[in-house]
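Here's the structure we're looking at; comments come further down.
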Amino acid sequence: MFNRTVTMDDLVRMDWDYFEALVAAIWQKKGFRTVYRTPTRDEGVDVVAFTGQKGDLIHCKSSGTDNALLNDQGVKDVLTGEAEYRLRHPGVSFSKWAATNQYFNDTAHDRARKNNVTLINQLDIEKLLNQHPVTNADVQRFLFVGWEEAA
């Protein structure tokens with residue numbers, strides 16, 4: 001079960017914490033050296049990923065409703081959190097992202113374009129999973145930090 005690759009069926013049914021962990025696992029597979037999920041009081045950012053002086057701040061929104069069109073709250077959240085993570089990681093130039101396991105509505109696309117936020121929807125996640133396969137074990141590592149040490 002842990003070595004099973006995450007599928008699109010899994011993606012569209014994910015709870016919010018599992019989706020955040022999946023996004024973190026994808027970014028790690030993309031080659032970022034430092035990747036972590038933020039604590040509950042995340043200042044609008046759910047996943048931080050960087051290598052050297054380049055990085056990404058990602059806000060994650062999940063929905064269990066098929067083909068849901070999410071509003072611009074994820075864009076607003078990552079914009080709000082950007083200043084906090086620039087302070088926490090001086091010298092790192094961050095790009096801003098909002099990700100969903102569904103889709104974003106026109107308002108979200110417009111606000112993202114105006115604020116230089118990259119949106120990732122269900123189809124984009126599918127492409128990323130094809131390029132960077134993620135197993136359930138990869139996701140679990142971000143869900144339960146330290147679980148390997150406890151085993």
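Return only the number of the condition from (1) among the aromatic types (Phe, Trp, Tyr); (2) surrounded by 20 or more Cβ atoms within 10 Å (Cβ to Cβ); (3) more than 20 Å from VAL48 (Cα to Cα) that TYR103 does not satisfy.
TYR103 satisfies all of (1) among the aromatic types (Phe, Trp, Tyr); (2) surrounded by 20 or more Cβ atoms within 10 Å (Cβ to Cβ); (3) more than 20 Å from VAL48 (Cα to Cα) except (2).
Mind listing just one residue for me: the one in the range 1-58 that is touching a Lys or Arg at 6+ places or on another chain (Cβ under 6 Å) and of a type outside the set (A, V, I, L, M, F, W, C) and, of those, surrounded by the fewest Cβ atoms within 10 Å (Cβ to Cβ)?
Per the criteria, the residue is THR51.
Within the range 111-125, how many residues are part of a helix (DSSP H, G or I) and either modelled with pLDDT under 95 or loosely packed, with under 13 Cβ neighbours inside 10 Å (or both)?
3
Test ARG88 against the stated conditions and say whether it is surrounded by fewer than 17 Cβ atoms within 10 Å (Cβ to Cβ), within 21 Å of THR34 (Cβ to Cβ) and over 16 Å from the mean Cα position of the chain (by Cα).
Against the criterion (surrounded by fewer than 17 Cβ atoms within 10 Å (Cβ to Cβ), within 21 Å of THR34 (Cβ to Cβ) and over 16 Å from the mean Cα position of the chain (by Cα)), ARG88 qualifies.
Give the residues of the range 43-66 that are polar (S, T, N, Q) and more than 10 Å from VAL92 (Cα to Cα), sorted by residue number.
Correct list: SER62, SER63, THR65.
Within 21 Å of GLN28 (Cβ to Cβ) and assigned to a helix (DSSP H, G or I): is that true of PHE142 in this structure?
Taking the combined requirement at face value, the residue satisfies it.
Considering each of LYS76, LYS96 in turn, give the residue that is in a strand (DSSP E or B), of a type in the set (Lys, Arg), in contact (Cβ under 8 Å) with a residue 12 or more places away in the chain and farther than 18 Å from GLN140 by Cα.
Every option except LYS96 fails the conditions.
What is the residue count in the range 1-36 for residues that are part of a loop (DSSP other than H, G, I, E, B) and of a type outside the set (Gly, Ala, Ser)?
13
Before we move on, is GLY81 modelled with pLDDT under 95 and surrounded by fewer than 12 Cβ atoms within 10 Å (Cβ to Cβ)?
When the stated conditions are applied, GLY81 does not pass them.
Could you tell me which numbered condition ASP66 fails, if it satisfies all but one of (1) at pLDDT below 95; (2) within 17 Å of the chain's Cα centre (by Cα)?
Exception for ASP66: condition (2).
Got a sec? Which of ASP110, ASP56, ASP15, ASP72 is within 18 Å of LEU128 (Cα to Cα) and of a type outside the set (S, T, N, Q)?
So the residue among ASP110, ASP56, ASP15, ASP72 that is within 18 Å of LEU128 (Cα to Cα) and of a type outside the set (S, T, N, Q) is ASP56.
Any residue in the range 57-73 that is in a helix (DSSP H, G or I) and closer than 17 Å to LEU119 by Cα?
Yes, the conditions are met somewhere in the range 57-73.
The values are calculated or read from the model by the stated rules, or taken from the named source; none is laboratory data. Predicted, not measured: the structure shown is a model, and the values here were computed from it. All Cβ positions, glycine included, derive from the backbone under ideal geometry; neighbour counts span all protein chains shown.
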